[in-house]
1. Given a Förster radius of 45 Å and the C-beta distance between ASN230 and GLN178 as r, what FRET efficiency does 1/(1 + (r/R0)^6) yield to the nearest 0.05?
2. Within 10 Å, count the other beta carbons around each residue, average over each peptide in 164-175, 27-38, and list them highest first.
3. Let me know the shape class of segment 40-154, please: from the alpha-carbon gyration tensor, a ≥ b ≥ c as square roots of the eigenvalues, rounded when a/c is under 1.5, otherwise prolate if a/b is greater than b/c, or oblate.
4. Please list, by residue number, everything in segment 44-79 whose backbone N is under 15 Å from a paramagnetic label point 7 Å out along Cα→Cβ of ARG98.
5. When TYR226, TYR377 are ordered from fewest to most other Cβ atoms inside 10 Å of their Cβ, what list results?
6. Can you sort PHE367, PHE221, PHE347 by how many other beta carbons sit within 10 Å, fewest first?
7. Subtracting the Cα-Cα distance from 0.36 nm times the residue separation, let me have the gained length for THR159 to ASP374 in nm, one decimal.
8. Could you tell me which of rounded, prolate or oblate describes segment 316-382, using a ≥ b ≥ c as the square roots of the eigenvalues of the alpha-carbon gyration tensor, with rounded for a/c under 1.5 and, failing that, prolate when a/b is larger than b/c and oblate otherwise?
Amino acid sequence: MQQQLEHYIQLLIDEQSVKSCSIAICSLNDAVSKSGNQKYALLAEQILQRLNCAAIIIAEPLHSLPMLLLRRAAVDTDCIVPRDSESRSSLHDIPLIRKTQDQLLLLKLICKALRKRKGCIVEGIGIISQGALTVEQAYIAWSSLLHATTIKYFEDLLTAGPLLPEESDAIELYKNNQLKSLTIDRQAFCSITPSTLQDIISEMSLTGQKTVELGLVDSFFGNISYAVNNILYISQTSARLDQLSTQIDAVPFDGSSTAGITASSELPAHRAIMLATKCKAILHGHPRFPVIMSFFASSDTADAFDLLGSLPVVGGEGGVGGLAESLPKAFRLSDTKAVIVQGHGVFVISHTGFGEALSMLADVELFCRDLFFDRLYKRYKI
């Protein structure tokens, strides 16, 4: 168990999510195990003793945006409500806990929040998350909280501007230290269209791994598919994009198999896009800046969708929530290879393979980054 705790600590450090000296994980199996910052580990153990869960992660984010979000909120605000769909469905809202010198009261407030939600933001400490059954669940929750608060902070910032004197410096620090270059090595992917099962799985696995490494997803979730010989190869529901080799389903287009039962909930959308565009590959991720900018898309167009530059922005939820209708229409009418789903993420297609698809996903993120910071400067000179 100790090795597992250290693995997730190192994972969050390597992802540049947390400060290396300000993270601890505590878990309860047959006995209590803990690793990391001693002060945080003690608090995590105290929380664990009061809750019916398997693991607690306490960590200070590497960047200050979640804490700025808390400080921007009115003093009587006890939670923030994200608008992006991934956060709404998995987190609902995020409790805010203000700083107090009464440590027993602080502990009670944290436990009260964690009995209702997967995590909370605590002033002067950072983000605290829980895993009901596993350490990995606590890791996923922590990553999702960071993803949600980053999107919410930048959305609020572009809407209302800076409210705190330190925000300009924090944004500059984030731009310089947190934004990855998103360089794609196209030569790492097949130069020809993959046709054998082994090549297809290899290409999908590589693409999923690179998508996670580049931070173009929330935690490690997204979905991916490839079509050949009337078979749609698609990642399974809740599959880790960085561990896809055994989590890919082969689903016949004619519905002659029940293989789709375990496939991604986005299967209807993937299938409809394939049929409408005749593309070979689809990659769906949750890059942060397209999600942020989707709330600021232009709606004064005659098209059936909003626009960010030339990129279509459509509405609809995943699964059976309408994306199987809105996405194919947007791809067909705009003759584009990328469509943004408002508050959700990006779908990209390719008629060749995943090297192009991954490059397109990265390009959409970079375009939306530039658009965000350009608008931020024009509105607020920061």
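We did not get these values from a lab; they are worked out from the coordinates using the rules stated. Just so it is clear, the structure is predicted and the values come from calculations on it, not from any experiment. Cβ: placed from backbone, ideal geometry, glycine included. Neighbour counts: every protein chain shown.
1. On the way: r = 43 Å, r/R0 = 0.97.
Once rounded, the FRET efficiency stands at 0.55.
2. On the way: 164-175: 13.7, 27-38: 16.5.
Result, highest mean Cβ count within 10 Å first: 27-38, 164-175.
3. On the way: a/c = 1.63, a/b = 1.15, b/c = 1.41.
It is oblate, given that a/c is not under 1.5 and a/b is not larger than b/c.
4. Once the point is set 7 Å along Cα→Cβ of ARG98, 70-79 turn out to lie under 15 Å by backbone N, inside segment 44-79.
5. Values: TYR226 28, TYR377 10.
Fewest to most other Cβ atoms nearby, the residues stand as TYR377, TYR226.
6. Values: PHE367 18, PHE221 23, PHE347 28.
Starting with the residue having the fewest Cβ neighbours, the order is PHE367, PHE221, PHE347.
7. Working: separation 215, 0.36 × 215 = 77.40 nm, distance 1.37 nm.
Full-extension gain reported as 76.0 nm.
8. Numbers: a/c = 2.52, a/b = 1.52, b/c = 1.66.
Note, shape of segment 316-382 comes out oblate.
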